[in-house]
1. Would you check if there is a residue in the stretch 147-157 being more than 29 Å from Asp10 (Cβ to Cβ), at pLDDT below 90 and in the same structural domain as Thr49 (by TED's automatic domain parsing)?
2. Scanning for something of a type in the set (Ser, Thr, Tyr), at pLDDT 95 or above, assigned to a helix (DSSP H, G or I) and not assigned by TED's automatic domain parsing to the domain that holds Trp250, does the stretch 99-107 turn up at least one residue?
3. Could we say that Ala82 is modelled with pLDDT of 90 or more, more than 13 Å from the chain's Cα centre (by Cα) and closer than 30 Å to Cys218 by Cβ here?
4. Gly60: at positive phi and either touching a Leu at 6+ places or on another chain (Cβ under 7 Å) or not assigned by TED's automatic domain parsing to the domain that holds Ser193 (or both), yes or no?
5. Can you tell me which residue in the stretch 72-85 is farthest from Phe202 (Cα to Cα), limited to those that are of a type in the set (D, E, K, R) and surrounded by 18 or more Cβ atoms within 10 Å (Cβ to Cβ)?
6. Considering only residues that are within 18 Å of Gly75 (Cβ to Cβ) and of a type in the set (Ser, Thr, Tyr), which ones fall in the stretch 212-240?
7. Can you name the condition, by its number, that Phe17 falls short on among (1) out of contact with any Asp or Glu (no Cβ under 7 Å at 6 or more places or on another chain); (2) among the aromatic types (Phe, Trp, Tyr); (3) within 21 Å of Pro105 (Cα to Cα)?
Amino acid sequence: MAPAPQEAPDFGKADAFVWHVDPDRLEPVPDVSRVALKLLIGIDRSRDTLLRNTEQFARGLPANNALLWGARGMGKSSIVKAVHAEVRATGADLKLVELQREDLPSVSRLLNVLRGSRSRFVLFCDDLSFSHDDEHYKSLKAVLDGGIEGRPENVLFYATSNRRHLMPRDMIENERSSAINPSEAVEEKVSLSDRFGLWLGFHPCSQDEYLDMIRGYCEAYGVVVDAEELRAGAIEWQATRGARSGRVAWQFFTDLAGRKGVAL
């Protein structure tokens, strides 16, 4: 009574898809929520590295799976979507497929759907992390290592996480301190991050970078505002939030554009 195997959808319908289970299906996303690559300020090295890696993959050349880790709100997921759009603009048949962390156990079925397609796919998992009793990481190895079949030649995996080793530091220390063999206690989970060929770190931005982000948004969307008014308002906004990041910069700009009567 098992359900019939999932058939591949018409990948020409959209540039991006979301994987759902129960039942298994790929839902097309007609309009991806993203910002232009040129508007991502302060992450130049990560941007250029990920773009080059993605271009290589789109051309059928060797490329690495990538883990984007670091400070929240600094554009980890935005850069994946922006790079995808940039490579698509060159004429490459590259699709973006989003996979939720809780659906990782179904990843082998998803790979079977994508394996036979002529398109190339970036499989994207946002906010990836694992707790103490979480076994989902074992499913992820099918994407990174591929098992006996090997990862499909037309699939690449990008993940974002606030944690460099995909699990909290206090959990790593606790398991090491209580284990019979501390060196092996968390090796299986921690070594998962080692399977990513690219590690791209994202760090908190400076005040100058924060202001440059907002100025870039103003220029791109045609919001005219006095320089001193912009600086004072932006600094006050980040002070009330207690944080400074690309996300906070966008939130301030959204408020500013609304007050200036500019539609985004």
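1. yes
2. The answer is no, given that none of the residues of the stretch 99-107 is of a type in the set (Ser, Thr, Tyr), at pLDDT 95 or above, assigned to a helix (DSSP H, G or I) and not assigned by TED's automatic domain parsing to the domain that holds Trp250.
3. So Ala82 does not fit the description; no.
4. no
5. Lys81
6. Tyr217, Tyr221
7. Of (1) out of contact with any Asp or Glu (no Cβ under 7 Å at 6 or more places or on another chain); (2) among the aromatic types (Phe, Trp, Tyr); (3) within 21 Å of Pro105 (Cα to Cα), only one is false for Phe17: (1).
Residues are listed down the side, and each one gets a yes or a no for (1) within 20 Å of Glu27 (Cα to Cα); (2) modelled with pLDDT of 95 or more:
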site: Gln56; (1), (2): no, yes
site: Gly70; (1), (2): no, no
site: Gly75; (1), (2): no, no
site: Asp93; (1), (2): yes, no
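The values are calculated or read from the model by the stated rules, or taken from the named source; none is laboratory data. Please read these numbers as outputs of a predicted model, since none were measured by experiment. Glycine gets a Cβ as well: all are built from the backbone with ideal geometry, and neighbour counts include every protein chain shown.
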